[in-house]
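Note sheet for the following structure.
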Amino acid sequence: MLHCHMIHHFGAEQQLVLLEGVESTAKIPQEVKNKAHADFVPDLRIAIAAQTTFRHERPEKVASDQVDQALSRTWQDVVKRHRADYHKLFNRMSLKMHPDAFHLPTNERLLNNRDIGLVALYHNYGRYLLISSSRDGYKPLPATLQGIWNPSFAPPWGSKFTININTQMNYWPAGPCNLSHECTLPLVDLVERLSIRGLHTARDMYSCRGWCAHHNTDIWADTSPQDRWMPATLWPLGGLWLSITLMDGLRYDYDKDLHDRLFRVHEGAVQFVLDFLIPSKCGSFLVTNPSLSPENTFISEAGTKGIFCEGSTMDMTLIRQALEQFTWSLERLSKIDHPLEQPVKDALARLPPLTINEKGLIQEWGINDYVEDEPGHRHVSHLYGLYPGGFIHPIHTPDLAVAAKKVLERRLANGGGHTGWSRAWLLNFFARLRDAKVCGDNMDLLLSNSTLPNLLDSHPPFQSYGNFGACAGIIECLVQSAETEIDGLNVVCVSLLPACPAQWGEGRLQKVRVKQGWLISFQWGSKGHLVGVVEVFCTMADADDVYIRGPDQFEQQVKGEAGRQYIFKV
């Protein structure tokens, strides 16, 4: 593998073991070269290990030791250890839907749009992929564009980390699916390394303090601009979005030590944007300039294709969320008189609001009302405030919600959702808008048009973040949570079945995690109504009260008390 001046080598070790007749154990000869042949073998155990000099100076030695260690255990022991390791994460929550044609192979199930169990399987498969591709360890790495399932030495987009949505989308399910600690630690490690290398990029390219990273990075945590494609390349907020993603995970499962680690990273990202913001041309706002909307282009007033603007909606929404997270962190970590506290407050007061144009659409290029060159573009970055951000809500900000829906309708009318991952993002958008019918339509289209027979997402080609995005979107259809204020009190508002499609039949969701660590379990019937009981469990000592609403006027409010369980009949 070659990257600039750094050359890394790899080593691999393989052994075949006949389970009957241990004396037949033999290492595969080098001349076989990835091929082995066995006749009349009732049972065969294959051990393969591979390492590179990214982690070890002698990868061949480490790989050989790992193979020997694996073969020193019985097959039964290996299976038992694997299941124990996997089940402790996977069994934290569960989702089941009926009817379920589990007896059919997946290629046949994809042809049957009435197989509602396939939706649950797709979600559970997404959790499996995240558990399998992003785990802590020595010099851990987060899930790439292909998770860990890249079969090529020259993969599409380098099988790296595209950080203008793709890597972030990989981790959207982590919080709700109760995986935010174990499965996000590799991303924490990468972002910490980005925050170190990004100091030089921020200083040398922008004369700013703090750190930044652009739209793409790799295992070496490169923070400089990648390639020369202007609609994507010169966007220095990729690192900020990663930091926001990790900070948001704390809202689901708070950990003080992890917060301390992330605060150091987030502090540097906030310092960068404070230095990077400049007054707008009109003088009314602080904006990023130059700015762009990731990978999209517009038609300028002169009729030419344009890229750069001042204060794209994506930029300003990300920055608003980052500054609000910073303010929350100061309070949560009791950091009194922090030098950035007042600059952050001042900047928040001068950021431009989301703008609706004369056509009733949220403007993509900030305070500039430009027309898209590609109206059906796969990125819908200006709706970040709808999802994964929480600035657009059908009840609290109805005008913005209507404008966001018009944006989505325009995208779809012009061919939007043509990639698997963008279809997954659309699922999340419409879930937040509580449009159950369109959610069902988008999930059906994702399965029929953008899913391979093994259920991996197809861009095309295969890209794992579509799986992760839809995994999160399915949960958004079934339960949503938001931290808000009611009658002067901070509460967590939970909506049950806010956008559950009618065709999703009957189902059960158990121990899904919502904001502030509450675990929710419930069942629904074939007509989209709650049945049985709703179970609520508080995991955090200082959680706010939770206010739960569901169909058929189901309402409950319970007090935050760690270890307390509530059960309500419906």
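The values are calculated or read from the model by the stated rules, or taken from the named source; none is laboratory data. What you are looking at is a predicted structure, and each value in this text was computed from that prediction instead of being measured. Note that each Cβ is placed from the backbone with ideal geometry, even for glycine, and that neighbours are counted across all protein chains shown.
Residues checked against (1) assigned to a loop (DSSP other than H, G, I, E, B); (2) under 29 Å from A424 (Cβ atoms):
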| position | (1), (2) |
| --- | --- |
| E295 | yes, yes |
| G303 | yes, no |
| A322 | no, yes |
| P353 | yes, yes |
| K359 | yes, yes |
Note to self: Of the conditions (1) assigned to a helix (DSSP H, G or I); (2) at pLDDT below 95, L274 satisfies every one except a single condition; which number is it?
What the structure shows: (2)
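Residue-wise test of (1) closer than 20 Å to K96 by Cα; (2) of a type in the set (A, V, I, L, M); (3) at pLDDT 95 or above.
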site	(1), (2), (3)
H459	no, no, no
G469	yes, no, yes
A472	yes, yes, yes
V479	yes, yes, yes
G488	no, no, no
C493	no, no, yes
A499	yes, yes, yes
Margin query: Looking only at residues that are touching a Leu at 6+ places or on another chain (Cβ under 8 Å) and of a type in the set (S, T, Y) in region 266-298, which one is farthest from I196 (Cα to Cα)?
Written below: S280
Item checked: Candidates A431, A404, filtered to the one that is touching a strand residue (DSSP E or B) at 6+ places or on another chain (Cβ under 8 Å), touching a residue at least 60 places away in the same chain (Cβ under 8 Å) and either over 21 Å from A482 (Cβ atoms) or in a helix (DSSP H, G or I) (or both) -> A431
Next item on the list: Show the residue pairs that are 6+ apart or on different chains and have beta-carbon atoms under 7 Å apart, the first residue being within region 110-124 and without any contact (Cβ under 8 Å) to a residue 24 or more places away in the chain, the second being not acidic (D, E).
Entry: N112/A101; D115/A101; D115/R109; G117/M97; G117/H98; G117/P99; G117/A101; G117/F102
Note to self: So in region 227-246, with the set limited to residues that are in a helix (DSSP H, G or I) and farther than 18 Å from Q271 by Cβ, which one is nearest to the chain's Cα centre (by Cα)?
What the structure shows: T245
Margin query: Please determine whether any residue of region 85-105 is modelled with pLDDT of 95 or more, farther than 29 Å from S448 by Cα, assigned to a helix (DSSP H, G or I) and of a type in the set (A, V, I, L, M).
Written below: yes
Note to self: Taking the condition of being part of a loop (DSSP other than H, G, I, E, B) and either closer than 18 Å to W172 by Cβ or touching a Leu at 6+ places or on another chain (Cβ under 7 Å) (or both), how many residues in region 454-475 meet it?
What the structure shows: 5
Checklist line | Selected residue (only one of S422, S464, S450, S495 is of a type in the set (S, T, Y), buried (at least 19 other Cβ atoms within 10 Å of the Cβ) and in the same structural domain as D545 (by TED's automatic domain parsing)) | finding: S495
Check: Restricting attention to region 545-554, does a residue exist that is over 18 Å from C177 (Cα atoms) and free of Cβ contacts under 8 Å to residues at least 40 places away in the same chain?
Finding: yes
Check: Residues in region 227-248: is at least one of a type in the set (S, T, N, Q) and free of Cβ contacts under 8 Å to residues at least 24 places away in the same chain?
Finding: yes
Margin query: Here are the criteria: (1) over 23 Å from S329 (Cβ atoms); (2) in contact with a strand residue (DSSP E or B) (Cβ under 8 Å, 6 or more places away or on another chain); (3) not in a loop (DSSP other than H, G, I, E, B). Tell me which single one N150 does not satisfy.
Written below: (3)
Check: Quick one: what pairs do we get from region 188-202, first residue free of Cβ contacts under 8 Å to residues at least 12 places away in the same chain, second among the charged types (D, E, K, R), C-beta under 8 Å, 6+ apart or different chains?
Finding: none
